[in-house]
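To start, the structure itself, in structure tokens.
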Amino acid sequence: MVWEQLIEFITDPDTWSGPSSFWPRLIDHVWVSVAATLIAMILVLPPALYLGHVRKGSQAATAVVNVGRAVPSFGILAVAFLVLVEMGAGVGTPWAVLAALIALAAPPVFTNTVAGIQSVQPSTVEAARGMGLTEREVLLNVELPMALPLMMEGVRIAFVQVIATATLGALVAWGGLGRYIIDGFAVRDNGQILFGAIAVGLLAIAAEVGFTAVQHAVTPKGLKTAR
């Protein structure tokens, strides 16, 4: 029965055309996920790189950043939505969703960046300093290239989590692929619910595969050989 409803929904022309069709919702879902991940990277990469390099205070900072993992994304989403409504933002705007997703994306990016920088052997760092490299050059030319695979793993984890969690945006009247699930429950259309779930799942899988390829591409040849 549910598969018949799914096929019926897929073959419905309205599913693929119009302002509320699949493609506009896919674009909304992708752009808010990309934006949240990029903003999180901009916010946490500089302090993460610095703390990883100096190897001081990173544990305390990581504990603070990881508070975002302990707070439910839906709680952040609800609070941000209420605050924005009180400030006059229109219902259905993506800003509350963006705030919640940034908080979700920041911890893995920060944690993996610090871990990646600190995973570089101290002897390698000291050798670079002995060659006359400044602290900035050591970070950018030695530690950062060697830490890139682990850093990209953090970005991959963050992006996949963000894609999955962006589905909750439909609960605060925003669009995205989660709209199919919420609307499907509202009208008891199991085919629409399943379509939305499959779409989000396939998008997350595509992001996983894509970032795995990027992670492999940015890994220095020496590290690939060592592995």
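Is it the case that residue 70 is touching a residue at least 40 places away in the same chain (Cβ under 8 Å) and under 19 Å from the mean Cα position of the chain (by Cα)? Spell out the reasoning first.
Working: touching a residue at least 40 places away in the same chain (Cβ under 8 Å): no; under 19 Å from the mean Cα position of the chain (by Cα): yes.
Here the answer is no, as residue 70 does not meet what is asked.
Quick one: which residue in 27, 10, 39 is in contact with a Phe, Trp or Tyr (Cβ under 7 Å, 6 or more places away or on another chain), open to solvent by 50 Å² or more (accessible area, probe 1.4 Å) and either in contact (Cβ under 8 Å) with a residue 24 or more places away in the chain or of a type in the set (Val, Ile, Thr) (or both)?
Details: 27 fails: in contact with a Phe, Trp or Tyr (Cβ under 7 Å, 6 or more places away or on another chain); 39 fails: in contact with a Phe, Trp or Tyr (Cβ under 7 Å, 6 or more places away or on another chain).
On inspection, the qualifying residue turns out to be 10.
Given the criterion aromatic (Phe, Trp, Tyr) and surrounded by 15 or more Cβ atoms within 10 Å (Cβ to Cβ), identify the matching residue among 74, 81. Give the derivation first.
Numbers: 74 fails: surrounded by 15 or more Cβ atoms within 10 Å (Cβ to Cβ).
Just a single option satisfies the conditions, and that option is 81.
Return yes or no: is residue 159 of a type in the set (Phe, Trp, Tyr) and open to solvent by 10 Å² or more (accessible area, probe 1.4 Å)?
Details: of a type in the set (Phe, Trp, Tyr): yes; open to solvent by 10 Å² or more (accessible area, probe 1.4 Å): yes.
Considered against the rule, which asks whether it is of a type in the set (Phe, Trp, Tyr) and open to solvent by 10 Å² or more (accessible area, probe 1.4 Å), residue 159 comes out as yes.
Over 22 Å from the mean Cα position of the chain (by Cα), open to solvent by 20 Å² or more (accessible area, probe 1.4 Å), of a type outside the set (Gly, Ala, Ser) and more than 28 Å from residue 211 (Cβ to Cβ) - does that describe any residue in the range 100-119? Walk me through it before giving the result.
In the first step, residues of the range 100-119 are kept if they are over 22 Å from the mean Cα position of the chain (by Cα); the result is 118-119.
Going one step further and asking which of them are open to solvent by 20 Å² or more (accessible area, probe 1.4 Å), we end up with 118-119.
Pick out the ones that are also of a type outside the set (Gly, Ala, Ser) and you get 118.
Now drop any that are not more than 28 Å from residue 211 (Cβ to Cβ), which leaves none.
No, the range 100-119 has no match at all.
What pairs come out if I take residues in the range 128-148 that are free of Cβ contacts under 8 Å to residues at least 12 places away in the same chain and pair them with residues that are of a type in the set (Gly, Ala, Ser) and part of a helix (DSSP H, G or I) whose C-beta lies under 8 Å away, six or more apart or interchain?
Within 8 Å, the pairs are 137/128.
Among (1) under 30 Å from residue 121 (Cα atoms); (2) outside any helix (DSSP H, G or I); (3) of a type in the set (Gly, Ala, Ser), there is one condition residue 18 misses while meeting the rest; what is its number?
(1)
I'd like to know if the range 43-52 contains one or more residues that are closer than 23 Å to residue 153 by Cβ, open to solvent by 60 Å² or more (accessible area, probe 1.4 Å) and under 19 Å from the mean Cα position of the chain (by Cα). Break it down stepwise before answering.
Taking the range 43-52 first, the residues closer than 23 Å to residue 153 by Cβ are 43-52.
Right, trim to open to solvent by 60 Å² or more (accessible area, probe 1.4 Å) and you get 43, 46, 50.
So of that shortlist, the ones also under 19 Å from the mean Cα position of the chain (by Cα) come out as 43, 46.
Yes, the conditions are met somewhere in the range 43-52.
Can you list the helices (runs of 4 or more DSSP H) lying wholly within the range 116-227 that have 1 or more residues being of a type in the set (Lys, Arg) and in contact with a helix residue (DSSP H, G or I) (Cβ under 7 Å, 6 or more places away or on another chain)?
Details: elements: 122-130, 135-138, 144-165, 178-187, 190-218, 221-226.
Result: 122-130, 144-165, 178-187.
Looking only at the range 162-197, count how many residues are over 17 Å from residue 9 (Cβ atoms), surrounded by 19 or more Cβ atoms within 10 Å (Cβ to Cβ) and among the aliphatic types (A, V, I, L, M).
So the count comes out to 5.
Looking for whichever is in contact (Cβ under 8 Å) with a residue 12 or more places away in the chain and at positive phi here; the options are 173, 166, 207. Which one fits?
Numbers: 166 fails: at positive phi; 207 fails: at positive phi.
Of the residues listed, the single one that is in contact (Cβ under 8 Å) with a residue 12 or more places away in the chain and at positive phi is 173.
The values are calculated or read from the model by the stated rules, or taken from the named source; none is laboratory data. For clarity, every value in this text was computed on a predicted model and none was experimentally measured. We place every Cβ from the backbone using ideal geometry, glycine too, and count neighbours over all the protein chains shown. Just the protein is used for accessible areas: all its heavy atoms, side chains included, with ligands, DNA and RNA removed. Shrake-Rupley method; radii C 1.70, N 1.55, O 1.52, S 1.80 Å.
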